[in-house]
Amino acid sequence: MAIISGGFSCSAFRLALPSCSAPSSRLSVSRTRSSGLSASMNSGDEQRARLMEFPYVSGPHRDLMVELLSSVETRLGSSLRPCNLPPDVRHFGHPAGTAYASIQLRPGRPSSQIDFILGGWIHCKFPSGGALNITSLSGYLNSSTDAPNFRLELIQSIPTSLVLVLDLTPRKDLILHPDHLKTYYEDTQLDRYRQRLHALPEVSPYISPSLYVRAAVSPTAILVSIDVGAGETTAIEEIIQDHVGPVAKELLQFWMESCACTERCVGKAERAYLAERDRLIKNKTIELDLGSSFPRLFGQDVADRVLTVLTEHYKK
Amino acid sequence: MAVISSSFSYSVFHFPLPCYSAPSSRLSLSVSRTRLSASMDSSDELRAKFMEFPHVSGSHRDLMVELLSSVETRLGSSLQPCTLPPDVQHFGHPTGNASASLQLRPGLPSSQENLNMYQIDLVLGSWIHCKLPSGGTLNITSLSAYLKPSTDAPHFLLDLIQSSPTSLVLVLDLTPRKDLILHPDHLKTYYEDTQLDRHRQRLHKLPEVRPYISPSLYIRALLSPTAILVTIDVGASETTNIEEIIRDHVSQVAKELLQFWIESCACPERHLEESERAYLAERDRIIKNTTIEVDLGSSFPRLFGQDVADRVLTVLKEQYNK
């Protein structure tokens, strides 16, 4: 069964999130019946298929996400437990039908170094027309390793512009632990991926409005805006296919092999440090990312339900 | 007496550094004689030589002088005099292609009588001037100030690096003392509640300004989320535009940030646990030593020759690790 969960950092970006008004009580009752019942009747396979459709994004964008999630399934599947999110958390939406989302969270097996893998997509229609689409994949490791986490998000709010977040996020303070900087970021020459994308004329640095996000990402993080201006929409697709795709796949591959699967010897004191730092990271993600945007995207009720379940998983 | 010490982060920038060959023994003999004359300069003369900022333009020089004077005026009573040897306060490549001036003032030791004084570890100010093989010149002016482990407030860092008349790299930051992820209150107190980011945003609005991405991952990791790390490029137009941008924008932002740092960071003593002080002390030790290594350690030999570089860096490391 599949997988994935991501950090939806939509709230951390300067995207005007639509404020969807709350539906009338009659409407919400009927919606609850239909969405609740039919969702719970969907099998896990159907849920996974719904995730993997990535129904609202373009060919190369969708292909990339499917390929990345499949890689995770193939390479890490044996280290992961099945997704056991309730059906109405695996797939949910605003009662008014203005936004939908699909997420998968697979916890790591106790023997693995993986805490959990989270993947999914969000689609939200703007009142003015057009839509916001976010697809994401993130991998959190546990305190038996100090290797970086993985984070990927593609955020598209207009056809000619895309924000890309792609990073191996540090587990330690890189100043106090220069060996960590050296091992994972310097010796690996990770910066060449960032440099490759920055060489494209359509690419410029994206400066997140969230100071926390700026502080959390690594020195080699790819945090960019890809703008094709008034040209054809297909140009974004080409850039995803020719540049974003290969870089994302190589970084995921590196992460799976050298971070998730390479055993590290971590002492007791270090484990405690990592566990505490990871706890803060996960709490912040819920608070900053999801906690602020989900109510606006999906309405308070749905948001509360989803966040309560996710918070339980993040705090395990 | 003045003050100041700075971190030359320019080795971590994309500037082709000249590689000067070692001088002949005859030449080095005459250089030693020159060095003698440097040691005969009084400390006042050396300070004056420093404060001239002889190789940079009007508004650039004015800014540095103003900042250093602020430090002297506001913080002077918490600082010891500069006791660097004369040939570390002023030095250069034996061939004369590069010269530099440093002033380092350590903070006074904390004591019962000085409970209200500024919590300064050291202040370093400097300039470097170098003729490039291509015919142009490289000028770097810097000011940095480190605080003691008795406070967890940010350090101060300013560098202006100009390698052409139409282009300037600016580094201006209140560098964090703690891991901002493990200490979200630190992020909130010093960077969010203070709205420090407005300074960065102000400069980024200028069309001539764009982000500068340091080739050093250490520098990228060191700087705060609100750091100003930019290239200011006026293109093929007159030199005076860089002047104007310094005068009308860089200057104001730099002065406001220094003002804020003096009032809200350098001054109040924070009541910290022993474990927190130990954490800060260790982290600061790494910052100071790594900065010397990354900034100066890689560029000084190329700029000033191995002998001069070794002499200066040895002294600086001693001062930094007192």
Inside region B:181-195, the number of residues satisfying the requirement of being at the interface with another protein chain (Cβ under 9 Å from one of its Cβ atoms) and in contact (Cβ under 8 Å) with a residue 12 or more places away in the chain is 2
Return yes when A:ILE207 is over 23 Å from B:PRO215 (Cβ atoms) and among the β-branched types (Val, Ile, Thr) and no when it is not.
no
Confirm whether B:SER275 is assigned to a helix (DSSP H, G or I), among the hydroxyl-bearing types (Ser, Thr, Tyr) and modelled with pLDDT under 95.
yes
Residue count for region B:70-118, restricted to those that are buried (at least 22 other Cβ atoms within 10 Å of the Cβ) and farther than 27 Å from B:THR314 by Cβ
1
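Take B:GLU263 and tell me if it is within 14 Å of chain A (Cβ to nearest Cβ) and among the acidic types (Asp, Glu).
So B:GLU263 does not fit the description; no.
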Result of the Cβ filter at 6 Å on region A:47-64, keeping first residues that are at pLDDT below 85 and partners that are assigned to a helix (DSSP H, G or I), at least 6 apart or interchain, is A:GLN47/A:ARG90; A:MET52/A:VAL66; A:SER58/A:GLU237
Just a yes or no: is a residue in region A:143-155 within 14 Å of another protein chain (Cβ to nearest Cβ) and either under 14 Å from the mean Cα position of the chain (by Cα) or among the hydrophobic types (A, V, I, L, M, F, W, C) (or both)?
yes
How many residues are modelled with pLDDT of 95 or more, in contact with a helix residue (DSSP H, G or I) (Cβ under 7 Å, 6 or more places away or on another chain) and among the β-branched types (Val, Ile, Thr) if we restrict to region A:155-164?
1
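For residues that are within 17 Å of A:GLU263 (Cβ to Cβ) and either in contact (Cβ under 8 Å) with a residue 40 or more places away in the chain or part of a loop (DSSP other than H, G, I, E, B) (or both), tally how many sit in region A:102-139.
8
Quick one: is B:THR175 within 11 Å of chain A (Cβ to nearest Cβ), touching a residue at least 60 places away in the same chain (Cβ under 8 Å), closer than 25 Å to B:ILE246 by Cα and polar (S, T, N, Q)?
On the way: within 11 Å of chain A (Cβ to nearest Cβ): yes; touching a residue at least 60 places away in the same chain (Cβ under 8 Å): yes; closer than 25 Å to B:ILE246 by Cα: yes; polar (S, T, N, Q): yes.
Yes: the conditions hold for B:THR175.
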For residues in region B:267-304 being touching a Phe, Trp or Tyr at 6+ places or on another chain (Cβ under 6 Å) and more than 14 Å from chain A (Cβ to nearest Cβ), which is nearest to B:LEU75 (Cα to Cα)?
B:CYS267
Sole residue being surrounded by 15 or more Cβ atoms within 10 Å (Cβ to Cβ) and under 21 Å from the mean Cα position of the chain (by Cα), chosen from A:LYS315, A:LYS282:
A:LYS282
Yes or no: region A:229-238 includes at least one residue that is surrounded by fewer than 13 Cβ atoms within 10 Å (Cβ to Cβ), under 20 Å from A:LEU137 (Cβ atoms) and of a type in the set (Asp, Glu).
no
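Evaluate the following for B:LEU196: is it modelled with pLDDT of 95 or more and either surrounded by fewer than 22 Cβ atoms within 10 Å (Cβ to Cβ) or under 24 Å from the mean Cα position of the chain (by Cα) (or both)?
Details: modelled with pLDDT of 95 or more: yes; either surrounded by fewer than 22 Cβ atoms within 10 Å (Cβ to Cβ) or under 24 Å from the mean Cα position of the chain (by Cα) (or both): yes.
Criteria met by B:LEU196.
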Does any residue of region B:228-240 turn out to be more than 22 Å from A:LYS172 (Cα to Cα), surrounded by fewer than 18 Cβ atoms within 10 Å (Cβ to Cβ) and modelled with pLDDT of 95 or more?
yes
In this structure, is B:ARG198 touching a residue at least 40 places away in the same chain (Cβ under 8 Å), over 23 Å from B:VAL294 (Cα atoms) and within 14 Å of chain A (Cβ to nearest Cβ)?
no
Selection from region B:219-236 of residues that are hydrophobic (A, V, I, L, M, F, W, C) and more than 7 Å from chain A (Cβ to nearest Cβ)
B:ILE219, B:LEU223, B:ALA227, B:ILE228, B:LEU229, B:VAL230, B:ILE232, B:VAL234, B:ALA236
Has region B:276-299 got at least one residue that is aliphatic (A, V, I, L, M), farther than 27 Å from B:ILE219 by Cβ and out of contact with any helix residue (DSSP H, G or I) (no Cβ under 7 Å at 6 or more places or on another chain)?
no
Across (1) closer than 23 Å to B:TYR218 by Cβ; (2) at pLDDT 95 or above, A:ALA248 clears everything bar (1)
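Rundown of residues vs (1) in contact with a Leu (Cβ under 8 Å, 6 or more places away or on another chain); (2) part of a helix (DSSP H, G or I); (3) under 22 Å from B:PRO85 (Cα atoms), yes/no style:
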| residue | (1), (2), (3) |
| --- | --- |
| B:LEU258 | yes, yes, no |
| B:SER264 | no, yes, no |
| B:ARG270 | no, no, no |
| B:ARG283 | yes, yes, no |
| B:LYS288 | no, yes, yes |
| B:ASP307 | no, yes, yes |
| B:THR314 | no, yes, yes |
| B:GLN319 | yes, yes, yes |
I'd like to check something: does region A:249-269 contain any residue that is more than 21 Å from the chain's Cα centre (by Cα), part of a helix (DSSP H, G or I) and either in contact (Cβ under 8 Å) with a residue 12 or more places away in the chain or surrounded by 15 or more Cβ atoms within 10 Å (Cβ to Cβ) (or both)?
no
Within the group A:ASP173, A:ASP187, A:ASP167, A:ASP146, which residue is surrounded by fewer than 16 Cβ atoms within 10 Å (Cβ to Cβ) and at pLDDT 95 or above?
A:ASP187
What's the total number of residues in region A:40-93 that are touching a Cys at 6+ places or on another chain (Cβ under 9 Å) and exposed (fewer than 15 other Cβ atoms within 10 Å of the Cβ)?
0
List the pairs whose first member sits in region A:207-218 and is in contact (Cβ under 8 Å) with a residue 40 or more places away in the chain, whose second member is among the aromatic types (Phe, Trp, Tyr), and whose Cβ atoms are under 7 Å apart, counting only residues at least 6 apart or on separate chains?
A:SER208/A:PHE13; A:SER218/A:TYR185
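Would you mind stating whether A:ALA215 is under 26 Å from A:ASN133 (Cα atoms) and within 14 Å of chain B (Cβ to nearest Cβ)?
When the stated conditions are applied, A:ALA215 passes them.
Listed residues B:SER57, B:SER70, B:SER78; which is in contact with a Phe, Trp or Tyr (Cβ under 9 Å, 6 or more places away or on another chain), of a type in the set (S, T, N, Q) and modelled with pLDDT of 80 or more? Break it down into steps so the answer makes sense when it comes.
Details: B:SER57 fails: in contact with a Phe, Trp or Tyr (Cβ under 9 Å, 6 or more places away or on another chain); B:SER70 fails: in contact with a Phe, Trp or Tyr (Cβ under 9 Å, 6 or more places away or on another chain).
Result: B:SER78 is the single residue among B:SER57, B:SER70, B:SER78 that is in contact with a Phe, Trp or Tyr (Cβ under 9 Å, 6 or more places away or on another chain), of a type in the set (S, T, N, Q) and modelled with pLDDT of 80 or more.
Can you say whether A:ILE207 is β-branched (Val, Ile, Thr), at the interface with chain B (Cβ under 9 Å from one of its Cβ atoms) and surrounded by fewer than 20 Cβ atoms within 10 Å (Cβ to Cβ), as far as the supplied structure shows? Spell out how you get there, then give the answer.
Working: β-branched (Val, Ile, Thr): yes; at the interface with chain B (Cβ under 9 Å from one of its Cβ atoms): yes; surrounded by fewer than 20 Cβ atoms within 10 Å (Cβ to Cβ): yes.
When the stated conditions are applied, A:ILE207 passes them.
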From the residues in region B:201-218 that are in contact with a strand residue (DSSP E or B) (Cβ under 6 Å, 6 or more places away or on another chain) and in a loop (DSSP other than H, G, I, E, B), which one is nearest to the other protein chains (Cβ to nearest Cβ)?
B:TYR212
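The values are calculated or read from the model by the stated rules, or taken from the named source; none is laboratory data. Only a predicted model underlies this, so the values are computations on that prediction, with no experimental measurement involved. Here Cβ is always computed from backbone atoms with ideal geometry, including for glycine, and neighbour counts include all displayed protein chains.
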